[in-house]
Each structure stands twice: as C-alpha cells, then as structure tokens.
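Taking it in order: structure first as structure tokens, then the write-up.
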Amino acid sequence: MRMSTMDQTLKVVPMPQFASDNNAGMCPAALEALIAANASGHASGYGDDPHTARACDNIRTLFEAKPEVFFVFNGTAANALALAQITKSFNSVITHAFSHIEMDEAGAPEFFSGGAKLMLAGTPHAKLTPAAVEVLAKKHSGIHHVKAAAMSITQATELGTIYTIDEVRALTAVARSHGLKVHMDGTRLANAIARLQCAPAEITWKAGVDILCFGGVKNGLGAGEAVVFFDTALAHEFEWRVKQAGHLNSKMRLVTAPWAALLENNVWLDNARHANAMADRLAARIQVVPGVRLMEKVEANAVFADIPLKLQTAVRARGWRFYTFLGETGCRLMCAWDTTPDAVDRFAGDLASAAAQG
C-alpha cells in the first residue's frame, strides 16, 4: 500500500546538519517547561500570567538590572520594532553592511519605522569601528538629509565574530557623543557571553547598550525573542507597537515558560558553550583538509570556511546541508545546542574523503 505524504514525512529521520542553528529543536528544559505550562490549565492571556512574570524576573536577575521586558514571536520583529521605537521616518540607523537588519530582514526596520534609513559601514569582520561610526554620524547635516538617531550592533556578528567589552564601550562612547541611541541585535548573545566569559551586564547596559534584542530561539527555544529596554524611558507605549505589529501573543505563557526555564540552572549558558565547542571542534578538523581554508576566526558557533565547489558538491551528495554564504566557495557551517561530536567528525571525515579522491 502506498504511504500518504504525511506517513512518508513522519518516517524520515534527518541527519544532523550545519545549515542553521534555527534547524535544531527545543532543548529538553525548554520543552519540559512548555509541556508543564500547557498542562497546568487555564491562565490569563497576553502576558498576565506567572510564567511571564517569572521569565521577566529571570531576565532582570541575569542582567543585574530592572529593564522593561517584552516578548515577540521572532528576531526580525524584535529588531524592527525596537529600532522603530527609537527612530522617526526621517532618521537613520548606523550599522554594518553585513548586519542581520541589513541583509536578512526584508526591509522590516525601514518598514516599521516608516522609512528610517540604514547607513552602512563595510569594516572588516562584520564589526563596526568607532572611526566608521564617526564618519557616518557626520556624513549628513541639515534638513535635506536623514538625521542619524541610532547605532545597531550585532553580537555575535553575521560572520561569527564577537565584540569585546572594550569594543562595545568604545562604540557606544562615539554613539553617545553624537546623541545616538544604542541597539544590540543579540540573537546569538549567549554564544558571545559564553566565549567572553563575562557577566551579561558587562557586555550590555554597563557597556552603554540602551535596547537589547535577546535571542533564545537559536539557543534552544521554539519561538519568542525578548526585547529588553535597559533605558526604561524608551519603552514608553512599546506595548502598543507590539500589538499593532501582530506580535502580542494571547497565549504568552507558552512562550515565556520555556524562556524562564532556559534562564535557570545556566541552561542558556550551557547550550551556548556546547554550540561554541562544537564549532571549535569542527574548525579544527576541517582546516587541515587540503583545499579548505578558514575565512574568519571562530569565536561563536559559526565556522566560515572556503570550500572548493567540487568538495561542496561531494559532501552535499552525501546528505550534508549548509549554506554557501560568501561568493561561490565561502561556506557557513552553524553548530547548535544539540550538535554532536559524532556529526562534526562524520562531516569532517566526508570532507577529507572527498578531498583525497581529488
């Protein structure tokens, strides 16, 4: 008897992949919290529930501060709505040309802000520099041009590099000198903190960050990112912006219960440390393969490697999935909270085998 499409899909067991940390499922602690919240009976909607209160309290404890905290469905909404909150339609946001808000959000920051322009720096390693921010902040003056209002930092960057605490402080100092608010796209902030071995407060508000979009989905959650206003005055009426954009979750507890669990017992940090360690392992094993070259220093959970087309074709034919990110040979290999040493070693072995075959 021929199986239905659903039957066939259910029988497929995909091999571990390196395409994206979004491809991983929920980590056990988050999933258990979701199931428990779902089984606990009726609860008030729209965030007026104990799970959401607990998640907010856990974020405040983690960052040693009392920020205003909001939850939205995804990272694009978090970034776009946060930037819209601190810009007007005639403003601009200084960011890197390789930032996620420029490369991967379909114009969402511009749309939700009513037209605020992104001003782009092309500095190395996808990292802004104080000099580049200074140039862009001074580029325009007068009513015929956009007026710079914010600076956005991606941590970790889209190339897997990380800003140190001193680098963030230097950038925010320049931003402050020009009256710019500071936004941090922290979709992989956990990976940066794990590598820097610093307190979350030190790399965020103590370093001058006003608004943080704190990522959990790439670190073991199923849905929901947190928008954290360290400058609480900037959060005025943000809840209406969230509602208008369609990101107020009526069953908020099913997002925030997993968040609360992620932030307890260092689950968030353990997940990030593991993903980083797997990236280190992967980089170490593939950089010795003939023809393969690391393109960036591995600092978070991403490995960027120059892999010849022939080798890419060979390992993809064996079922491996990853993105060619920079030109034809610049490949991005992402590790996640559930990446296994065996998957890393098998991929590296298949790559080495393909190289040996010439």
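The values are calculated or read from the model by the stated rules, or taken from the named source; none is laboratory data. In this text, all values refer to a predicted model and were calculated from it rather than measured experimentally. Reconstructed Cβ throughout: ideal geometry from the backbone, glycine too, with neighbour counts over all protein chains shown. With ligands, DNA and RNA removed, areas are computed over all heavy atoms of the protein, side chains included. Shrake-Rupley method; radii C 1.70, N 1.55, O 1.52, S 1.80 Å.
The residue list 192, 201 contains one member that is part of a helix (DSSP H, G or I), open to solvent by less than 10 Å² (accessible area, probe 1.4 Å) and farther than 23 Å from residue 22 by Cβ, which is 201.
State which residue pairs qualify: first residue more than 20 Å from residue 283 (Cβ to Cβ) and in contact (Cβ under 8 Å) with a residue 60 or more places away in the chain and inside segment 302-326, second residue among the hydrophobic types (A, V, I, L, M, F, W, C) and part of a loop (DSSP other than H, G, I, E, B) in any location, beta carbons under 7 Å apart, and separation of 6 or more residues or different chains. If the second residue must be among the hydrophobic types (A, V, I, L, M, F, W, C) and part of a loop (DSSP other than H, G, I, E, B), the pairs left are 319/15.
Rundown of residues vs (1) part of a strand (DSSP E or B); (2) open to solvent by less than 10 Å² (accessible area, probe 1.4 Å), yes/no style:
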position	(1), (2)
56	no, no
70	yes, no
78	no, yes
94	yes, yes
98	no, no
101	no, yes
106	no, no
115	no, no
145	no, no
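Could you list, ordered by first residue, the pairs with Cβ atoms under 7 Å in which the first is in segment 152-178 and farther than 20 Å from residue 194 by Cβ and the second is of a type in the set (D, E, K, R) and at pLDDT 95 or above, at least 6 apart or interchain? What qualifies is 152/185; 174/134. Among the residues of segment 118-141, the one identified as in contact (Cβ under 8 Å) with a residue 40 or more places away in the chain, surrounded by fewer than 16 Cβ atoms within 10 Å (Cβ to Cβ) and part of a loop (DSSP other than H, G, I, E, B) is 140.
When the strands (runs of 3 or more DSSP E) confined to segment 245-355 are screened for residues that are open to solvent by 30 Å² or more (accessible area, probe 1.4 Å), those reaching at least 1 such residues are found at 302-306, 323-326. Scanning segment 37-76 for residues that are under 16 Å from residue 184 (Cβ atoms) and modelled with pLDDT under 95 yields nothing.
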